[in-house]
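The structure appears right after this line, and notes come after that.
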Amino acid sequence: MPGELLTTKLYIPPVRTGLVPRPRLIERLNEGLRRRLTLVSAPTGFGKTTLLSEWVSQLDVPVGWVSLDEGDNDPARILGYLTAALQMIIPGAGETALRILQSPQPSSAEIVLTSLINDITASTQNAAGPDSFILALDDYHVITDQIIHDALGFLIDHLPPNMHLVIATRSDPPLPLPRLRGRGDLTELRIPDLRFTPGEAAEFLNQTMGLALSVDEVAALDSRIEGWVAGLRMAAVSMQGIDDAAGFIRAFTGSNRYIMDYLVEEVLKRQPPDIMQFLIQTSVLERLTAPLCDAITGRDDSQPVLEQIERDNLFIIPLDSKRRWFRYHHLFATLLRQRLDDTSPDEAVDLHRRACDWYEKNDHFVDAIHHALVIEDFGRAADLAEKAAEIVLMRSEIRTLLKWIDDIPNDVVQARPLLCLYHAGALLLSGHPLTDIEARMKDAAGENATAPAPGEMAVFDALFALFQGDSGPGTALARQALEMLTADRVFLRSVVTFSLGMSNMLGGDFEAAIETLTESSLSSQKAGNPMIAVTAIAHVAEIAVMQGQLHRARELAEKAADMAVDEYGRTLPVQSLAFSGLGELFREWNELDTAAAYLQEGIELAGEWATIGAVEGYVTLARVRQAQGNEEGACQAIEEAWHMAVGFDASSIDDILVDLHRARLWIMQGDIEAASAWLEARPPARDTRHFYFSAPEQATSARIHLALGQTDKAMEVVDGLLAQAEQLGMQRYVIESLVLKSLVYQAQGDSPSALETLESALSLAKPEGYIRIFVDEGEPMARLLRQAALKGIQPDYVTRLLDAFPGAEAGPKAAPQSAAGELVSEREMEVMRLVAAGLTNQEIAARLDVSLSTIKWYLYHLYDRLDVRNRTEAIARLKELGLISS
């Protein structure tokens, strides 16, 4: 399976017998433990792995090891190996990271690394982890994915103090090496360091390899090979049994290519024919194990052959302590493959095909597809990709699927409609441009493709329509797909049932949405599809919030969070949706720290796959930061949400919701000019049948009209929202409408109606514990609640609400209080001085270079704070306070 980890890659290579001691390098490595990173960088064959395995064998600190290969160019895959390696050092650490990685959608590398770093730090604090340990990444040069490089840079920047990172590579990685050097955080071993000295070369050739070369002969050979350890080893193997050592050494001149060709000829020719054939045939494999070698060579004795090759030092490296998995030295493997291609190109194709067969039979699709691609059997690669697509998508290895498709000619992909559709789904989930998604969906139904299976095209059409917010076509397409899909298409049926439920929800048919989403969640659970199961129930929780059932919503959200695990109990990134919902609930209950914690964790879990989940998390986090008095943090969060929403052009849902909440934030922060501009520029009112969108839009519009002093218009909008909310049973919006209506009455000077309406809102809100729905309206609501308290209306609840305000003059853009207890900010005083001087609102706006609506907003809130109705009363009140001279 694509998500499996090959445990042999986590074993530290065994220390070879007869090693040449290299104390000068061991000392350098030991000294480097005081720094963050040790980089061992040199071309192939300079003994990097051998040196590191010798070094760590002498240490008394735990070491985690990961041997990398080209298949690890997938962030989820490599992070899985890093997590597993660290778990071998700190048992129990990284559980959250592993749960994140075993997911049906991709996760951000920084999410996983943050979890790991936190676990390591926690283990140190509670003495459960080691005082110090090492993580070694071998053969890092095979990594080309920039996301992985960035993730490693993040790890280095935030490395726990008890952790040391070692990287062995043939070329310098794109990491901030200059910065690390400048800070003294980097130890480097390079070609000049790793070259054998003349003394080391002599010891290796004469003692380890059993030759009897003179000092001059060693020096001559070493001068040609320049301390290249692998070259010395191959030369020594070739020289065994040769009487004319001097003549052999003299032949070591010329180009590198000549030397390598010569060694291959000499080494291979000295092997028995069956061993030479085995070496050449198995060179097509990245990793060797006896059953696989038997399968491609037709032998039945590969295990003893592998053991014999290891004993003969024929450049094979054991990958586990049981000597079951091996790999050839990379240079040696390259030379063997070249030999195979030069002598038997047709056999090479057959060997790759047999390897593909074995890997497919054993469900190792990544390796199977690799071999199919090597021999350019694109048809088979495409068939395998189509077969593995659901597994890949369910486990979030979207990048792997996308790479497969990139490597397969487009016409081959186009001939497989289901693969085209899966590819479109991967493009959609990974946030690719809309044009790419539409093109691939068009391919699925194009002339070059065989006819799609019944219902398959409709599934993805429905999902695509859902992302576009087209509930009408989405519902029709989903129903069509359900009618056409057979019962055995469990995965696709779960997807389309979810799409139908979401289309119902966006279209305002909430009862149907609850029924369908609940059914989708249950069927997805049975089908082993936690992605849809969790997403569906999370949206049922969202509807419960709209219905005013906050405690019910919490139960559902917590259930969704509990469901967001795979068969091994590991957390999946889809849990982000549950955490976003819980964050909103705790925000409403004014438990802001708890809300922020849920939201931040949800945003991290959302990572790369769940753009919608991350957007919603950032929107709610903006409201939490605003409630905490952190306006800058609120702006940063809402801008992050906006950036993500507009960047994901395959969906219009996020754009609409973020736009509404951004306007709401402008009102709360006193930027009435921006809010007014938004109101003027927004498109015609959305069809009120689409309550999911129209309700927050109407509420935001009403607040802006109220802030502009347009109370009649505000009342008209509020009454429309209230009637619709009552008809649909959307209690949360009934409460919000009543809150807004009470404020409109207050602005109109109708205190009895304001208090009566507020009392209705309080009666509905109290059972569910609403707090922020009142407090977020700021000082006008605080003043109305104080009046309610004097009237004895819901005294305990009102007291609790008043206690939630940040101060007596809490509210949007609350004015700072002076030592004299002023209620007026400096800007408001500037406006009032011009009012007292007899200037009109238009003249004041021109004098201060702001819009007329901004001046109206200042006066509206100032009148409310001073408890006055007009200019004359405001001036008189300010004179009483001594803020304006008589």
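The values are calculated or read from the model by the stated rules, or taken from the named source; none is laboratory data. Keep in mind that this is a model prediction, so the values were computed, not measured. Positions of Cβ are generated from backbone atoms using ideal geometry, with glycine treated the same way; all protein chains shown enter the neighbour counts. These accessible areas exclude ligands, DNA and RNA; they are computed on the full protein's heavy atoms, side chains included. Shrake-Rupley method; radii C 1.70, N 1.55, O 1.52, S 1.80 Å.
Structural remarks
- Other-chain or far-sequence residues with amide H under 5 Å of Y328's (modelled H): I317
- Approximate spin-label separation N206-R190, in nm, with each point projected 7 Å along Cα-to-Cβ: 3.2
- CD proxy at 222 nm, helix term only [per DSSP H run n ≥ 4: -39500 (n - 2.57); per residue of the chain; nearest 500]: -20000 deg cm²/dmol
- Under 14 Å of direct C-alpha separation, and excluding same-chain neighbours fewer than eight residues apart, K442 reaches these aspartates and glutamates: D411, E456, D461.
- Between Q787 and H643, the C-beta separation translates, for a Förster distance of 56 Å, into a calculated FRET efficiency of about 0.85.
- Charging the Cβ of each Asp and Glu at -1 and of each Lys and Arg at +1, and nothing else, the dipole of segment 635-680 about its Cα centre rounds to 140 debye.
- When you count the other C-beta atoms within 10 angstrom of each residue and take the mean per peptide, 365-373, 712-720, 655-663 line up highest first as 365-373, 655-663, 712-720.
- A dipole drawn for segment 72-170 from +1 and -1 charges on Cβ atoms has a positive end, and of A84, V112, F154 the residue lying farthest that way is A84.
- Efficiency of FRET from Cβ geometry, A723 and E376, R₀ 60 Å, rounded to 0.05: 0.35
- For the chain, the longest principal axis of the C-alpha atoms and the axis of helix 215-225 are separated by about 40°.
- Area accessible to solvent at E639, 1.4 Å probe radius, in Å²: 90
- Peptides 83-90, 772-779, ordered by how many other C-beta atoms sit within 10 Å of their residues on average, highest first, read 772-779, 83-90.
- Shape category assigned to segment 641-737 from the gyration tensor of Cα positions, a/c cut at 1.5: oblate
- Solvent-accessible area of F464 with every protein chain in place, 1.4 Å probe, in Å² to the nearest 10: 40
- Amide H contacts for W65 (H built 1.01 Å from N in the peptide plane; partners 5 or more residues away or on another chain; cut-off under 5 Å): A136.
- Heavy atoms of the protein chains alone define the surface here; on that basis segment 469-527 has 43 Å² accessible area per residue at 1.4 Å probe size.
- Vicinal HN-Hα couplings computed from phi for segment 176-184 (Karplus, 6.51 cos²θ - 1.76 cosθ + 1.60; Hz; Gly/Pro x): x, 5, x, 5, 5, 4, x, 8, x
- Pair D341, D363: separation of 7 Å Cα→Cβ label points (nm): 3.4
- Using alpha-carbon coordinates, inclination of helix 751-765 to the longest axis of the chain, degrees: 40
- Rounded to the nearest whole Hz, the Karplus-based 3J(HN,Hα) values (6.51 cos²θ - 1.76 cosθ + 1.60, θ = phi - 60°) of segment 656-665 follow the sequence 5, 5, 5, 4, 5, 5, 5, 5, 4, 5, with x at glycine and proline.
- Length available on full extension from N126 to E519: 0.36 nm per residue minus the Cα-Cα distance, which gives 137.0 nm.
- Solvent-accessible area assigned to carbon and sulfur over segment 470-566 amounts to 52 percent, based on a 1.4 Å probe.
- Accessible-area value, W666, 1.4 Å probe, nucleic acids and ligands omitted, Å²: 60
- Between R34 and R324, the modelled label-to-label distance comes to 4.4 nm, taking each label 7 Å out from Cα in the direction of the beta carbon.
- For segment 707-776, accessible area per residue (1.4 Å probe, heavy atoms of protein chains only), Å²: 36
- Dipole of the chain computed with +1 at Lys/Arg Cβ and -1 at Asp/Glu Cβ about the Cα centre; of V798, P291, L279, farthest Cα towards the positive end is V798.
- Crossing angle, helix 510-526 versus the chain [Cα axis fit, 0-90 degrees, rounded to tens]: 20
- Computed from the Cβ-Cβ distance with R0 of 56 Å, the FRET efficiency linking D407 to N870 stands at 0.15.
- The phi torsions of segment 143-154, fed into the Karplus equation with coefficients 6.51, -1.76 and 1.60 and a -60° offset, translate into couplings of 7, 10, 6, 5, 4, 5, 4, 4, 5, 5, x, 4 Hz, rounded to whole numbers, with Gly and Pro shown as x.
- Long pairs among K48/K322; K741/K766; K741/K879; K9/K387; K48/K361; K559/K766, criterion Cα-Cα beyond 28 Å: K741/K879; K48/K361
- Overall, the anisotropy analysis places segment 475-584 in the oblate class: the square-rooted eigenvalues a ≥ b ≥ c of its C-alpha gyration tensor yield a/c not less than 1.5, with a/b not exceeding b/c.
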